[in-house]
Amino acid sequence: MGATAIAAFSKSGADKQGLKAMAFESGITCAADVLEDVDKYPIKYANRVKRCVDAVRNTQNTICLEFTTAFLCAEESVLSALNTVLLDKNIPVFGGTAGDPGTAIGTKVSLNGRVCEKSAVFALIHNEKGKVRIFRENIYEPVNGHVLTATKVNAATRTVYEYNHRPADAVYAEELGVSKDQITKYFDTNPMGRVVGDDMYITANCALTDNHGITYHAQVYENSRVEVLRPADYKQIVSETMEKIKSEIPHPSFSIMCHCLARTLLFDSEGYLQEYARAMGNVLGEYIGFSGYGEQAGEQQFNQTMIVAVFE
């Protein structure tokens with residue numbers, strides 16, 4: 001099972017070329033399949049998810065890893081198809097959107113030698129000898145604590161036209177204290193944070209529309225509560241994440257990480273990427289990670305985040 005990526009991670013460091021692979025000889029039970037036509041109706045293939053659950057049998061200490069091809073606005077549909085079966089089984093979903101490796105071939109996923117477009121590949125992985133924990137790391141914080149409400153949206157195109165009944169571009173500019181004609185300069189560094197209960201899911205800015213709207217890389221629904229974010233002290237946050245992982249799984253057997261393009265570019269530009277990849281190896285054990293265009297966990301699609309499954 002694999003995906004194209006912008007960069008790949010392991011305890012030896014981060015690489016932007018070549019192939020990183022992890023294989024298992026024992027200790028897990030796994031079953032995998034493909035969801036096709038993800039830009040149309042992946043729910044059509046939900047029976048494949050059920051077959052994998054039946055094959056794995058033991059749903060305790062089991063997770064579902066998925067990779068989805070990019071730029072189809074399909075991640076939410078893929079999560080819906082998977083969770084139609086997996087929610088009742090208490091099997092958590094996590095994964096990422098494939099990245100473009102810079103070879104102009106676009107994003108692809110693969111399973112058992114079959115390379116797929118407009119698809120998602122998934123694997124149910126049961127840890128036979130211990131627990132599995134999923135950790136999510138957010139290195140952003142609210143700019144000023146103002147909570148906005150999305151009052152006019154097109155969820156299908158991931159576009160917000162109005163916040164608090166005012167043009168989205170004007171509200172975003174006000175939150176940052178800049179003019180409207182400058183806001184695209186801040187799109188990469190100041191994403192939106194969707195507030196869902198006690199959690200926050202980062203939603204990356206994509207582009208301006210002609211009628212004062214902003215498109216995103218994840219769906220924002222009408223009446224969603226959001227905040228404009230800014231980078232926090234990411235090295236301190238990474239240190240706290242590592243301490244949390246060590247306290248919950250002090251002796252991991254292996255880990256699987258999904259890392260966002262924006263984080264990868266930020267860390268690389270500040271000369272931190274290799275240090276980060278190697279430092280994570282100290283707490284994740286033998287691990288593999290990839291950098292793509294989005295991250296998924298549970299029922300949520302989000303961006304600019306690190307998510308990792310750690311196996312005891």
Mind listing which GluC sites (Glu not before Pro) in region 60-126 are in a DSSP loop and have 16 or fewer other Cβ atoms within 10 Å?
117
Using a Cα distance threshold of under 23 Å, what count of lysine pairs results for region 48-142 when pairs must be 8 or more residues apart or interchain?
6
Under a point-charge model restricted to the Cβ atoms of Lys and Arg (+1) and Asp and Glu (-1), what is the dipole moment magnitude of the chain relative to its Cα centre, in debye to the nearest 20?
640 debye
Give me the percent relative contact order of region 97-152, please, defined on Cα pairs under 8 angstrom at least 6 residues apart.
15 percent
Determine the share of region 160-258's accessible area contributed by carbon and sulfur atoms, expressed in whole percent, with a 1.4 angstrom probe.
45 percent
Considering only the other residues whose Cβ falls under 14 Å of the Cβ of residue 54, what net charge follows from Lys and Arg at +1 and Asp and Glu at -1?
+3
Which of these, 90, 138, 112, has the largest mean-square fluctuation under a Gaussian network model of the chain (Cα springs below 10 Å)?
112
What is the projected area of the convex hull of the Cα atoms of region 58-112, averaged over all directions, in nm²?
4.8 nm²
For region 186-232, what is the convex hull volume of its Cα atoms per residue in Å³?
80 Å³
Over all pairs of distinct alpha carbons, what does the Kirkwood formula give as the hydrodynamic radius of region 173-312, in Å?
16.5 Å
Dividing the mean separation of Cα pairs under 8 Å (6+ apart) by the residue count of the chain yields a relative contact order in percent of 26 percent
Would you mind estimating how fast region 1-139 diffuses translationally, via Stokes-Einstein at 4 °C and 1.567 mPa s with the Kirkwood radius over Cα pairs, in µm²/s?
82 µm²/s
Scoring only Lys, Arg, Asp and Glu (+1, +1, -1, -1) among other residues with Cβ under 9 Å from the Cβ of residue 77 yields -2
How long is the gain from residue 71 to residue 25 if the chain were fully straight, where each residue apart is worth 0.36 nm and the alpha carbon distance is subtracted?
13.1 nm
Taking Cα centroids, how far is region 182-217 from region 277-312 in Å?
22 Å
For the chain, accessible area per residue (1.4 Å probe, heavy atoms of protein chains only), Å²:
45 Å²
On the formula 1/(1 + (r/R0)^6), with r taken between the Cβ atoms of residue 274 and residue 117 and R0 of 35 Å, the FRET efficiency rounded to 0.05 is 0.65
For the chain, the charge dipole (Cβ of Lys, Arg +1; Cβ of Asp, Glu -1; about the Cα centre) points to a positive end, and the Cα of 73, 228, 151 closest to that extreme belongs to 73
Computed P(r) (all Cα pairs; the chain; 10 Å bins; percent):
6, 27, 35, 24, 7, 1
For n ≥ 4 DSSP H runs only, could you compute -39500 (n - 2.57) per run for the chain, divide by its residues and tell me the 222 nm figure to the nearest 500?
-6500 deg cm²/dmol
Taking the convex hull of the alpha carbon atoms in region 191-261, what volume per residue do you get, in Å³?
135 Å³
Pop out the carbon and sulfur fraction of the accessible area of region 1-50 as a percent, whole number, probe 1.4 Å.
47 percent
Could you state the orientation-averaged shadow area of the convex hull built on the Cα atoms of region 263-312, in nm² to one decimal?
4.0 nm²
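The values are calculated or read from the model by the stated rules, or taken from the named source; none is laboratory data. Nothing here was measured: the structure is a model prediction, and the numbers come from that model. Note that each Cβ is placed from the backbone with ideal geometry, even for glycine, and that neighbours are counted across all protein chains shown. These accessible areas exclude ligands, DNA and RNA; they are computed on the full protein's heavy atoms, side chains included. Shrake-Rupley method; radii C 1.70, N 1.55, O 1.52, S 1.80 Å.
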